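Student: Pasting in a structure now, in structure tokens, and then I'll have a few things to ask.
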Amino acid sequence: MPVYALADCNSFYASCEKAFNPQLKNRPVAVLSNNDGCVVSRSAEAKKLGIPMGAPAFKHEALFKANNVAVFSSNYALYGDMSARVMRTMADMVPACEVYSIDEAFLRLDGLRGDMTAICGKIRERVLRWTGIPISIGIGETKTLAKAANKLAKQSNGIFDLRGPDADEWLASLDVGDVWGVGPQYAKLLQSRRIHTALDLKRADRVWIRKHMTVQGLQTVLELNGQPCIPMEQAPPPKKAICCSRSFGAYVRSLEGLREAVASYATRAAEKLRGQDSVCSIVQVFIRTNPFKPEHRQHAELAQATLPVASDYTPDLLRAALGILERLFRTGHAYQKAGVLLAGIEPKGSRQLSLIAPQPADESKRGKAMAVLDAANRRYGRGALAYAAGGIEPEWGMKREKLSPAYTTRWDQLLEVRGGR
């Protein structure tokens, strides 16, 4: 009988901030979204204060100040590196590990000897000791049951095994909208059929489910009944589209400013493309003003270009993206956001070539140049080597006034420990 587990980092972003600052122990912590807009992560102490997820920061400044809440800008370099450390720690202790998101992973436990709750206790203990990140683990006979168990784990002591004889009793306590794979629209549909809990869904008419929720819905029902339908993935599947977009920290009114932003986003998107060993044939660019400022002149437009040969070479993508921007830009507008989307993605090793536009003669040199660029940025931190077209200190950069140091990815920001006498 297979045994799955879902390990989920508790309040991940807030926990990363606490891991490197002992003064934050027992203190409420809130992490904000891009441009310090909304709350996207809260420590347990912050949740007890009633700070809601997604709350606009400016509306809660008085609450933050009155309760000594430590507020941070999102530090994605830190969170990404800490996530990799957590995943590596868990992967060394189990037969298989599938990274599901930045703070979640599915684990296969079958084949391990001993009590599964005790094994998960050791995993939690090692992850906390090696990284400082607390995790919760749910155990089940399928991935869907492990997901459900994880929700129950967060309400108990951090570990929950949903394989016992009282599993149905626990499933009856879970809202159907909390079942993995059931989104808000499906939850409304199910509730209209008097299917309110995970147990109701487990016992639902499978023919009706197949008809109204497709084969994915039927898989969910089968998984709730302990029949594995969703296999483990050893590596995340390549993305079919890659988008890099940001809201600006300040309005951009000039073409030069927008060129820097679009160049920066195209460069980042190209890096992601090469990271999955793919090439793309379509480049899209969009720009827009702030739709919530009706007093501003409004402009929002998107356009795309098709490359003669699919490419992952940053200069090719930059040239296409900046060409599109020249067509989109209108003077006299205060732009708030821009983005670059790469589509028509295919594996680099099997890309379609063209007789009209043959493969560049210096293809090998281009590949080596990109490999050096990516290796330098992996080793010395993102942006260590960058295209000048992206600007040096752009005014449009994200507002991150409360950014913590990149403790684990920049030599000049390593944590300092000073001993007393």
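The values are calculated or read from the model by the stated rules, or taken from the named source; none is laboratory data. Since this is a predicted model, take the numbers as computed values, not measurements. We place every Cβ from the backbone using ideal geometry, glycine too, and count neighbours over all the protein chains shown. To get the accessible areas, we keep the full protein, side chains included, count just its heavy atoms, and leave off ligands, DNA and RNA. Shrake-Rupley method; radii C 1.70, N 1.55, O 1.52, S 1.80 Å.
Student: Just to check your reading of the model, which residue among ARG351, ARG297 is loosely packed, with under 15 Cβ neighbours inside 10 Å, of a type in the set (Lys, Arg) and over 26 Å from the mean Cα position of the chain (by Cα)?
Tutor: It is ARG297.
Student: Looking at GLU271, GLU260, which one is in a helix (DSSP H, G or I) and within 27 Å of SER354 (Cα to Cα)?
Tutor: On inspection, the qualifying residue turns out to be GLU271.
Student: Among all residue pairs at least 6 apart or on different chains, which show Cβ distances below 8 Å where the first residue, located in region 182-197, is within 20 Å of ALA172 (Cβ to Cβ) and the second is among the β-branched types (Val, Ile, Thr) and not in a helix (DSSP H, G or I)?
Tutor: The qualifying pairs are LEU190/VAL182.
Student: May I ask you to list the residues in region 111-139 that are open to solvent by less than 70 Å² (accessible area, probe 1.4 Å) and either on the phi > 0 side of the Ramachandran plot or assigned to a loop (DSSP other than H, G, I, E, B) (or both)?
Tutor: LEU112, GLY114, GLY132, ILE133, PRO134
Student: Please work out if LYS59 is closer than 21 Å to ARG124 by Cα, exposed (fewer than 14 other Cβ atoms within 10 Å of the Cβ) and either modelled with pLDDT of 95 or more or not acidic (Asp, Glu) (or both).
Tutor: The answer is no for LYS59.
Student: Just for region 309-337: of the residues that are within 24 Å of LEU373 (Cα to Cα) and part of a strand (DSSP E or B), which one is farthest from the chain's Cα centre (by Cα)?
Tutor: VAL309
Student: Taking region 88-100, which residues are open to solvent by less than 40 Å² (accessible area, probe 1.4 Å) and either of a type outside the set (A, V, I, L, M) or closer than 15 Å to PRO134 by Cβ (or both)?
Tutor: Of everything in region 88-100, those that are open to solvent by less than 40 Å² (accessible area, probe 1.4 Å) and either of a type outside the set (A, V, I, L, M) or closer than 15 Å to PRO134 by Cβ (or both) turn out to be THR89, MET90, CYS97, GLU98.
Student: If you check every pair at least six apart or on different chains, which have Cβ atoms under 6 Å apart with a residue in region 94-110 that is under 25 Å from TYR13 (Cβ atoms) first and a residue that is surrounded by fewer than 21 Cβ atoms within 10 Å (Cβ to Cβ) and of a type in the set (Ser, Thr, Tyr) second?
Tutor: Between residues of region 94-110 that are under 25 Å from TYR13 (Cβ atoms) and residues that are surrounded by fewer than 21 Cβ atoms within 10 Å (Cβ to Cβ) and of a type in the set (Ser, Thr, Tyr), the close pairs are PHE106/TYR100.
Student: Suppose we keep only residues that are open to solvent by 10 Å² or more (accessible area, probe 1.4 Å) and not in a loop (DSSP other than H, G, I, E, B) within region 13-30. Which one would you say is farthest from ARG108 (Cα to Cα)?
Tutor: GLN23
Student: In addition: Using the structure shown, decide if ASP412 is open to solvent by 50 Å² or more (accessible area, probe 1.4 Å) and assigned to a helix (DSSP H, G or I).
Tutor: Judged against the criteria, ASP412 is a match.
Student: A further question follows. Taking region 274-294 on its own, how many of its residues are open to solvent by less than 50 Å² (accessible area, probe 1.4 Å), closer than 25 Å to LEU353 by Cβ and not β-branched (Val, Ile, Thr)?
Tutor: 6
Student: Of everything in region 367-384 that's modelled with pLDDT of 90 or more and hydrophobic (A, V, I, L, M, F, W, C), which residue is nearest to TYR407 (Cα to Cα)?
Tutor: ALA376
Student: Hey, can you tell me all the residues within region 147-205 that are under 25 Å from SER11 (Cβ atoms), of a type in the set (Val, Ile, Thr) and open to solvent by 20 Å² or more (accessible area, probe 1.4 Å)?
Tutor: Listed by number, the list holds a single entry, ILE159.
Student: Continuing with the same structure: Failed condition for THR142, given (1) crowded, with 20+ Cβ neighbours inside 10 Å; (2) free of Cβ contacts under 8 Å to residues at least 40 places away in the same chain, with all others met?
Tutor: Unmet condition: (2).
Student: Moving to a separate point now. Look through region 388-401, keep the residues that are open to solvent by 90 Å² or more (accessible area, probe 1.4 Å) and in contact with a strand residue (DSSP E or B) (Cβ under 8 Å, 6 or more places away or on another chain), and return whichever of them is modelled with the highest pLDDT.
Tutor: Among those that are open to solvent by 90 Å² or more (accessible area, probe 1.4 Å) and in contact with a strand residue (DSSP E or B) (Cβ under 8 Å, 6 or more places away or on another chain), it is GLU401.
Student: Out of curiosity, is MET53 part of a loop (DSSP other than H, G, I, E, B), of a type in the set (A, V, I, L, M, F, W, C) and out of contact with any His (no Cβ under 9 Å at 6 or more places or on another chain)?
Tutor: So MET53 fits the description; yes.
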